[in-house]
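Taking it in order: structure first as structure tokens, then the write-up.
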Amino acid sequence: MVPTISALIGADEFFNHQVVNTHASVGTGDRSWTEKIWFTLMRKDAALQASFGLGKYTNRNVMDGFAGIQRGTTQRTVRASRVLLPQIDEMVVGPLCYEVIEPFRKLRIAVAENSAQPFRYDLIFTSDLPAFFENRDIVLAGGRTASDVIRYHQGGTVEGWIEIEGERITVEPGDWYGFRDHSWGIREHVGLDPTDLVPGNLVPTSASKAGSNYHFNWLVSQIVRPDGSRYELAYYFRDFGGDGPPQFLSGFINEADGQQTPILHLYPEMTYRTIDMAAIQGRIHVFVAGKGREVIERIFEIEAIDSEMGFRLLPGMYGAWKGQLHGSFKGEDFLDGESIDDVNHPDKTTENYRWQIRDRPVRIREGENKGYGDMESIILGNYPGVTFAEGRG
């Protein structure tokens, strides 16, 4: 082996190199470099939901992931982690497996029988729209690029099976829908920060949000017109205060032929449930360019399918969970998990505002056009356009 060249892996046989090294290395030494995939898969009546994620942290020599299911208010989650080398090009960690059957068309995710939680599944995701990029997400913090990530997402159908405590459930594509994404770049919240950094990061997306009026609202959706044609509303909205344009907005109306119409401005009028800040219903005002100086407003109605459903991402290590973070070394072959009986108990949101982040199954409507989506959100304080509802309905 030559000391200045990384090891050869299978991908090095193909004509797809973009840095002067093998595919065992990336083009930066930043330890926050991450490549991730994520899936959320739901029944159209929201009676059952499955989630899956896998992350590769080349500069940390770690691969980790999670898988989970939610039925009613009970969420089961499995987490696994391993040392990346020498199996650097295997997309498997513990009982979790990700397989590309046909690029951008058919993908498989699976959870084998394991000692952490009594569930397993084998599911095939089949896309019915192209993959679409979001805008690049760049965050500068204390003079450093804390985030520089690109991400594409894709909607589709699901088939296969899920087994919970020995009960086998058939997943039929007509009854299910789902979304997946794939991202790579320098990412926040990967491993522990060094202990000798200047304290008090002043960048809002990285700092404590306590005491702030803050609204994060992210949506992917798939909408069907009466003629059967499909399109998407997809956006990422993030803002403090609500006194002007959002701090960050990436949004598009995406068509089946690959066309992406940029969203110029977006105003989410949402109602959240007080006890756990779950999105209940709302209206998304979307502004796009028309002819000449014309600006067109399009209005999308949002409604939670089931008020109790929404797979929580914190147990998937989207934020610190039981001392575990994405990309942190947890052992050469780590496996963990738990079952949470009531994910909507108000104490959980009180303990950590990041507990709000969930994959929320929603219905979406624009006029006569109807579809399904996934909404993630955080709401803190009294943000303009946001109302609150009491109770669990």
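The values are calculated or read from the model by the stated rules, or taken from the named source; none is laboratory data. Predicted, not measured: the structure shown is a model, and the values here were computed from it. Neighbour counts run over all protein chains shown; Cβ positions are idealised from the backbone, glycine included. Ligands, DNA and RNA are stripped out before the accessible areas are found, and what is left, the full protein with its side chains, is counted by its heavy atoms. Shrake-Rupley method; radii C 1.70, N 1.55, O 1.52, S 1.80 Å.
How many residues, within the stretch 110-128, are buried (at least 18 other Cβ atoms within 10 Å of the Cβ) and of a type outside the set (Val, Ile, Thr)? Outline the logic, then answer.
In the first step, residues of the stretch 110-128 are kept if they are buried (at least 18 other Cβ atoms within 10 Å of the Cβ); the result is 110-111, 116-117, 119-121, 123-125, 127.
Those still in the list that are of a type outside the set (Val, Ile, Thr) too: 110, 116-117, 119-121, 123, 125, 127.
Selection size over the stretch 110-128: 9.
Going by the conditions given, is Gly337 surrounded by 14 or more Cβ atoms within 10 Å (Cβ to Cβ) and under 20 Å from the mean Cα position of the chain (by Cα)? Steps first, please.
Numbers: surrounded by 14 or more Cβ atoms within 10 Å (Cβ to Cβ): yes; under 20 Å from the mean Cα position of the chain (by Cα): yes.
Judged against the criteria, Gly337 is a match.
Do we find a residue being over 18 Å from Gly68 (Cα atoms), part of a loop (DSSP other than H, G, I, E, B), open to solvent by 40 Å² or more (accessible area, probe 1.4 Å) and not aliphatic (A, V, I, L, M) anywhere in the stretch 349-359?
Yes; the residues of the stretch 349-359 include at least one that is over 18 Å from Gly68 (Cα atoms), part of a loop (DSSP other than H, G, I, E, B), open to solvent by 40 Å² or more (accessible area, probe 1.4 Å) and not aliphatic (A, V, I, L, M).
Suppose we keep only residues that are outside any strand (DSSP E or B) and of a type outside the set (D, E, K, R) within the stretch 53-76. Which one would you say is nearest to Asp341 (Cα to Cα)? Show your work before the answer.
In the first step, residues of the stretch 53-76 are kept if they are outside any strand (DSSP E or B); the result is 58-61, 72-73.
Keeping just the survivors that are of a type outside the set (D, E, K, R) gives 58-59, 61, 72-73.
Working: Thr58: 35, Asn59: 37, Asn61: 34, Gly72: 9, Thr73: 6 Å.
In this case the residue turns out to be Thr73.
Those residues that are of a type in the set (Asp, Glu), at pLDDT below 95 and open to solvent by 20 Å² or more (accessible area, probe 1.4 Å), I need them from the stretch 232-277; list them, please.
Answer for the stretch 232-277, where residues must be of a type in the set (Asp, Glu), at pLDDT below 95 and open to solvent by 20 Å² or more (accessible area, probe 1.4 Å): just Asp243.
Looking only at the stretch 129-143, count how many residues are open to solvent by 60 Å² or more (accessible area, probe 1.4 Å) and part of a strand (DSSP E or B).
Let us first name the residues in the stretch 129-143 that are open to solvent by 60 Å² or more (accessible area, probe 1.4 Å), namely 133, 135-136, 138, 140, 142-143.
From what's left, part of a strand (DSSP E or B): 133, 138, 140.
The total comes to 3.
Name the pairs: first residue in the stretch 301-322 and touching a residue at least 40 places away in the same chain (Cβ under 8 Å), second residue of a type in the set (Phe, Trp, Tyr), Cβ to Cβ under 8 Å, at least 6 apart or on different chains?
Matching pairs, first to second residue: Ile305/Tyr372; Arg312/Trp355; Leu314/Trp321; Leu314/Trp355; Pro315/Phe66; Pro315/Trp321; Gly316/Phe66; Met317/Phe66.
State the number of residues belonging to the stretch 117-140 that are among the basic types (Lys, Arg) and farther than 25 Å from His189 by Cα.
1
Go through the stretch 77-99 and give me each residue that's in a strand (DSSP E or B) and hydrophobic (A, V, I, L, M, F, W, C).
Quick first cut of the stretch 77-99, residues in a strand (DSSP E or B) only: 77-83, 92-93, 96-99.
Across the stretch 77-99, the qualifying residues are Val78, Ala80, Val83, Val92, Val93, Leu96, Cys97.
Report yes if some residue within the stretch 35-52 is among the polar types (S, T, N, Q), surrounded by 22 or more Cβ atoms within 10 Å (Cβ to Cβ) and part of a loop (DSSP other than H, G, I, E, B); otherwise report no.
No, every residue in the stretch 35-52 fails to be among the polar types (S, T, N, Q), surrounded by 22 or more Cβ atoms within 10 Å (Cβ to Cβ) and part of a loop (DSSP other than H, G, I, E, B).
Out of Trp176, Trp161, I need the residue that is under 25 Å from Tyr235 (Cα atoms), aromatic (Phe, Trp, Tyr) and more than 16 Å from the chain's Cα centre (by Cα). Which one? Before the answer, list the steps.
On the way: Trp161 fails: under 25 Å from Tyr235 (Cα atoms).
Criteria check complete, one pass: Trp176.
Would you mind telling me which numbered condition in (1) within 27 Å of Thr77 (Cβ to Cβ); (2) surrounded by 19 or more Cβ atoms within 10 Å (Cβ to Cβ) Glu303 fails?
Checking Glu303 against (1) within 27 Å of Thr77 (Cβ to Cβ); (2) surrounded by 19 or more Cβ atoms within 10 Å (Cβ to Cβ), the one that fails is (2).
Could you please let me know if Ile340 is touching a His at 6+ places or on another chain (Cβ under 9 Å) and at pLDDT 95 or above?
No; evaluated as a whole, the condition is false for this residue.
If a residue must be under 16 Å from Ala320 (Cβ atoms), touching a Lys or Arg at 6+ places or on another chain (Cβ under 9 Å) and of a type in the set (D, E, K, R), how many such residues does the stretch 339-353 contain?
So the answer is 1.
In the stretch 144-199, which residues are within 26 Å of Ser221 (Cβ to Cβ), part of a loop (DSSP other than H, G, I, E, B) and open to solvent by less than 80 Å² (accessible area, probe 1.4 Å)?
Of everything in the stretch 144-199, those that are within 26 Å of Ser221 (Cβ to Cβ), part of a loop (DSSP other than H, G, I, E, B) and open to solvent by less than 80 Å² (accessible area, probe 1.4 Å) turn out to be Pro173, Gly174, Asp175, Arg187, Glu188.
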